[in-house]
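This report concerns only the one structure given below.
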Amino acid sequence: MPLLKILEFPDPRLRTVAKKVTVFDADLKIQVDNMFETMYHAPGVGLAATQVDYHERLIVIDVSVEKDQPIVLINPVIIARTGDQLMEEGCLSVPEIYAEVARAAKITVKAQNVDGTEFELEATELLSVCIQHEMDHLEGKLFVDYLSPLKRERVRKVLEKQRRQRKAKANKKLVEESA
Ligand code: K1U
Ligand code: ZN
């Protein structure tokens, strides 16, 4: 199965608002499988379709240590939220940047599975944070949007530098291989 390319901030495609999934077919199952493979490989604990340039309301998550508790949320809606929690977040679309974000502590989410069957899920701690983070992606929102404009500008510069360094390293490798 192919690994999907993860878009990186400030790619404008990350700002797309995803559309509702209406067709639950074999292609959707393939997309889900490819997203799980991409998330486990990264490695990450969640991945929203938006991050792989697929603009439908689809999320995959696995916050378990053994990586054996995959969760698929299609057309997720938060139907209840209580309390507050502050947790450090990361994002595969904003590599190597971590920041604390305030989120609801406990949520109940209603969603569909790959067959279109509706279910409800209660979540706390990392699972709750991860669901809220991934649902933000479906709205074109990133965790860095919660930072001050100054901090966000700093993040953009750090990522720009990371990109330049990656490019220089790849060019050096090419030169060495062709020598
Ligand atoms: O949306 C994403 O890019 C995935 C993101 C999910 C997330 C993590 C932590 C708080 C909120 C949302 C990640 O998976 S970042 C990578 C990460 O946190 C991680 C990677 C390997 C093991 C454990 C955590
Ligand atoms: Zn993210």
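The values are calculated or read from the model by the stated rules, or taken from the named source; none is laboratory data. Remember, predicted model here, so these are calculated numbers, not experimental data. Don't worry about glycine lacking a Cβ; one is built from the backbone with ideal geometry, like all the others, and counts go over all protein chains shown. These accessible areas exclude ligands, DNA and RNA; they are computed on the full protein's heavy atoms, side chains included. Shrake-Rupley method; radii C 1.70, N 1.55, O 1.52, S 1.80 Å.
In this simple spin-label model, placing a label point 7 Å from the Cα along the Cα-to-Cβ direction at both Asp115 and Glu8 gives a separation of 4.1 nm. Projecting the alpha carbon convex hull of region 1-65 along each direction and taking the average yields 4.7 nm².
For region 65-75, backbone phi angles converted through the Karplus equation (6.51, -1.76, 1.60; θ = phi - 60°) give residue-by-residue couplings of 5, 7, 6, 10, 10, x, 10, 10, 10, 10, 6 Hz, Gly and Pro being listed as x. Couplings 3J(HN,Hα) of region 52-64, computed from phi: 10, 6, 10, 9, 10, 7, 9, 9, 10, 8, 8, 9, 6 Hz, in residue order, whole Hz [Karplus 6.51 cos²θ - 1.76 cosθ + 1.60, θ = phi - 60°; x for Gly and Pro].
Counting 0.36 nm for each residue step from Asp53 to Glu100 and taking away their Cα separation leaves a gain of 14.3 nm. Take the solvent-accessible surface of the protein heavy atoms, probe 1.4 Å, and return the percent of it on region 77-122 that carbon and sulfur atoms account for. Here carbon and sulfur together make up 46 percent of the probe-accessible area.
For Lys169, a cut-off of 20 angstrom between C-alpha atoms picks up these lysines, skipping any fewer than 8 places away in its own chain: Lys5, Lys157, Lys161.
All other residues whose Cβ lies under 15 angstrom from that of Phe24 are scored, Lys and Arg at +1 and Asp and Glu at -1, for a net of -2.
For region 4-80, the set of GluC sites (Glu not before Pro) satisfying both a DSSP loop assignment and a count of at most 16 other C-beta atoms within 10 Å is given as Glu8, Glu66. Amide H contacts for Met87 (H built 1.01 Å from N in the peptide plane; partners 5 or more residues away or on another chain; cut-off under 5 Å): Val101, Arg103.
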